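Written below as structure tokens is the structure these notes are about.
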Amino acid sequence: MVLIGLVALLFLAGCIDSGKADQDAAVRLADNTAEAKIAIAFGEFFAGEKTCTIEDAVGIIVANDANVGPEIMAALEGNFEIAKKCFPEVAVAKEAKKTAEREYTISYSFKISEDCESPGITGIEPEEFLIIEADLKDNSTNITKGGFPDEETRQQAAAGIEMMKGQPKCYYLTSIALGMSAP
């Protein structure tokens, strides 16, 4: 009796692991699309912005010889912390939902901290911006939301990511904080 129970438990564990393996395979398949690669690169780049300090921001302003008046500098620190709390993150941990046998829908979305009191300051709303259907039966994907209309637009997005990587860490966060500080 114990042996039958153990065999049943091992069988169920194998089924559960198999379902997780399929889900992981679907996410990998979706992550391999050009759209997902760009979204993930975007998220990885902006993840570094959350580690910025006010000293980093002041360093960027000084390095760029920005003509920033004392009233703006006085407001910068408070606005920097507000912007930092509201700076979006791209969820690299995607949400995958099984829709049929060996078919999944993977969604990528912006996340904004619950500590953010003004989510609109960055101009990015927390929402799903990319949805990919992954079919493991034929190893295919279908972009249902957030796809690029053509190859030229896809290449421009990839080039934009590379350009962003050329900016100093904290550049975008500092820009938002300065914009909030301007009269």
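The values are calculated or read from the model by the stated rules, or taken from the named source; none is laboratory data. Computed from a prediction, not measured in an experiment: that's the story for all the values here. Every residue, glycine as well, gets a Cβ built from its backbone with ideal geometry; the counts of neighbours run over all protein chains shown. Note: accessible area is taken over every heavy atom of the protein model, side chains too, but ligands, DNA and RNA are not part of it. Shrake-Rupley method; radii C 1.70, N 1.55, O 1.52, S 1.80 Å.
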List the pairs whose first member sits in the range 155-176 and is in a helix (DSSP H, G or I), whose second member is of a type in the set (Gly, Ala, Ser), and whose Cβ atoms are under 6 Å apart, counting only residues at least 6 apart or on separate chains? 161/41; 173/83; 174/57; 176/83
Does residue 145 satisfy the condition of being more than 30 Å from residue 60 (Cβ to Cβ), in contact with a Leu (Cβ under 9 Å, 6 or more places away or on another chain), open to solvent by 80 Å² or more (accessible area, probe 1.4 Å) and not polar (S, T, N, Q)? yes
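Residue by residue, here is whether (1) of a type in the set (Phe, Trp, Tyr); (2) over 15 Å from the mean Cα position of the chain (by Cα) holds:
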| position | (1), (2) |
| --- | --- |
| 65 | no, yes |
| 81 | no, yes |
| 108 | yes, no |
| 122 | no, no |
| 135 | no, yes |
| 144 | no, yes |
| 156 | no, yes |
| 173 | no, yes |
Counted residues, the range 126-140 - those being closer than 17 Å to residue 95 by Cβ and open to solvent by 90 Å² or more (accessible area, probe 1.4 Å): 1
What is the number of the single condition among (1) in contact with a strand residue (DSSP E or B) (Cβ under 7 Å, 6 or more places away or on another chain); (2) at pLDDT below 85; (3) surrounded by 15 or more Cβ atoms within 10 Å (Cβ to Cβ); (4) hydrophobic (A, V, I, L, M, F, W, C) that residue 41 does not meet? (1)
If I filter the range 23-32 down to residues being of a type outside the set (Val, Ile, Thr) and either part of a helix (DSSP H, G or I) or at pLDDT below 90 (or both), which single residue comes out as nearest to residue 143 (Cα to Cα)? 30
So which residues in the range 152-179 are at pLDDT below 85 and among the basic types (Lys, Arg)? 165, 169
Lone qualifier among 50, 85 - being modelled with pLDDT under 85, on the phi < 0 side of the Ramachandran plot and in contact with an Asp or Glu (Cβ under 6 Å, 6 or more places away or on another chain): 85
